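Below is one structure, written out as structure tokens; comments come after it.
Read-outs throughout are calculated quantities, based only on the coordinates presented, and are distinct from any laboratory measurement. Remember, it's a predicted structure, so these values are computed and weren't measured experimentally. Because the Cβ atoms are built from the backbone with ideal geometry, glycine has one as well, and the counts that use them run over all protein chains shown.
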Amino acid sequence: MTGPAAAWGPEGHAVIALIAQSRISPATQRALSSLIGQTTLDQFASCADQLRDGKAPFVCPGIGQLSPDRTTSAWHFINIPVSDDPSASNLAPYCTRTASQFNRTDSNKDCVVGQIGSQLKTLSDASAAAPARRMALMFLVHFVGDAHQPLHCAERNLPDGRSDYGGNEEAVTLNGSAMKLHYVWDDLIETRSQAQDTDVKALARRLIHDIAGRDVRGWIGGNMAADAAMESFSIAKNTIYPAYDADGGVMSQDYQAKMQPIVYQRLEMAGVRLGAMLDQALGGGASSPADSQKRRAASSMPAPRVPRDLLLQAANLRR
Ligand SMILES: [Zn+2]
């Protein structure tokens with residue numbers, strides 16, 4: 001089996017982390033500072049990919065020295081066959097399936113949805129050891145991003161019956177170059193420059209500004225990991241695979257432009273949800289009124305007009 005590429009590429013994961021960083025409450029920021037000091041979330045957003053793919057121990061900023069561990073491969077995905085009709089409340093069989101594809105056995109944890117739940121739990125546990133919580137934070141920041149990459153939550157069979165592992169085995173020609181469908185999606189947010197740091201921050205700022213003008217209440221609450229996986233699955237099933245089949249794998253010049261709105265929305269949703277999860281885990285449950293006032297002022301979001309429990313209900317009912 002071909003190894004999966006780095007999801008979204010480092011730029012996408014950094015953008016998601018920067019969006020989350022801009023939204024967390026002051027209480028969450030204080031908890032983060034006591035765990036990782038001055039390190040910001042974007043600095044370690046891709047360490048999980050390096051952990052999986054690396055050949056030598058490396059220093060993950062704010063987290064510590066890590067040794068490569070390929071057994072974490074299954075944690076970046078949930079492979080749901082596009083021929084199926086899953087529901088957010090019943091993704092467990094697909095977690096089991098993903099675990100077995102990667103020769104793993106913990107069907108509650110060995111997929112991206114299971115990992116988000118499991119790492120969130122460790123991060124939330126104030127009595128857990130700091131190094132374990134730092135690792136949980138590192139994984140959570142990365143996996144929330146992966147769950148929003150459509151091809152991390154879908155697969156289909158190739159003509160010979162093997163899985164395509166989310167487009168990792170589907171050949172594509174883009175601008176005259178041969179590559180795999182999965183890689184196209186990882187790299188769709190091209191920053192068009194080698195000066196990546198500047199461009200990543202500029203894109204994050206642009207998306208943060210865009211989010212401020214949206215009603216994002218429907219994105220948060222409920223089971224955000226399962227919701228993210230279901231949305232990703234639907235985009236792969238209804239948009240990405242049909243477009244691939246229509247093109248016969250030869251992508252038109254404007255493919256990237258056509259898909260870019262989807263990519264940006266997935267990055268925005270991932271960033272908003274990651275921020276909400278961090279507030280849940282580290283913000284002491286409900287943040288103080290002063291905190292939420294500050295946060296609203298900071299993000300220029302309108303104050304919620306209805307109590308939070310009603311917002312959660314609305315989030316659950318949105319489909
Ligand atoms: Zn990944």
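Round to the nearest 0.05 the FRET efficiency obtained for Ile262 and Asp84 when R0 = 30 Å and r is the Cβ-Cβ distance. Intermediate values should be presented prior to the final figure.
Working: r = 21 Å, r/R0 = 0.71.
Calculated transfer efficiency: 0.90.
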So, with +1 on the Cβ of K and R and -1 on the Cβ of D and E, and no other charges, what is the size of the charge dipole of the stretch 9-316 about its Cα centre, to the nearest 20 debye? 1120 debye
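How much length is gained if the chain between Gln253 and Ala171 is pulled fully straight, taking 0.36 nm per residue apart and subtracting their Cα-Cα distance, in nm to one decimal? Present the calculation step by step, with values, prior to reporting the outcome.
On the way: separation 82, 0.36 × 82 = 29.52 nm, distance 1.65 nm.
Contour length minus the Cα-Cα distance gives 27.9 nm.
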Which Cα, out of Gly249, Pro81, Gly64, lies furthest along the positive dipole direction of the stretch 9-316 (beta carbon charges, K/R +1, D/E -1)? Gly64
What are the semi-axes of the equivalent ellipsoid for the stretch 9-316, taken as the square roots of 5 times the Cα gyration tensor eigenvalues, largest first, in whole Å? 30, 22, 20
What do you get for Rg/Rh of the stretch 1-90 when both radii come from the Cα atoms and Rh is the Kirkwood radius? 1.05
Spin-label point model (7 Å from Cα, Cβ direction): what's the Ala130 to Asp215 distance in nm? 4.4 nm
Which of the lysines could a cross-linker bridge to Lys55, judged by Cα under 30 Å and excluding same-chain residues fewer than eight apart? Lys109, Lys121, Lys180, Lys201
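In nm, what is the difference between 0.36 nm times the number of residues separating Arg205 and Asp106 and their Cα-Cα distance?
Details: separation 99, 0.36 × 99 = 35.64 nm, distance 3.86 nm.
Separation in residues times 0.36 nm, less the Cα-Cα distance, equals 31.8 nm.
Among Ile16, Ile211, which comes first, then next, by fewest other beta-carbon atoms within 10 Å? Present the calculation step by step, with values, prior to reporting the outcome.
Values: Ile16 32, Ile211 22.
By the 10 Å Cβ count, ascending: Ile211, Ile16.
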Among Cys47, Leu151, Gly9 the positive-end extreme of the charge dipole of the stretch 9-316 (Cβ point charges): Cys47
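When Val200, Val112, Val250 are ordered from fewest to most other Cβ atoms inside 10 Å of their Cβ, what list results?
So the ranking, lowest neighbour count to highest, is Val250, Val200, Val112.
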What is the order of Thr105, Thr98, Thr39, fewest Cβ neighbours within 10 Å to most? Thr105, Thr39, Thr98
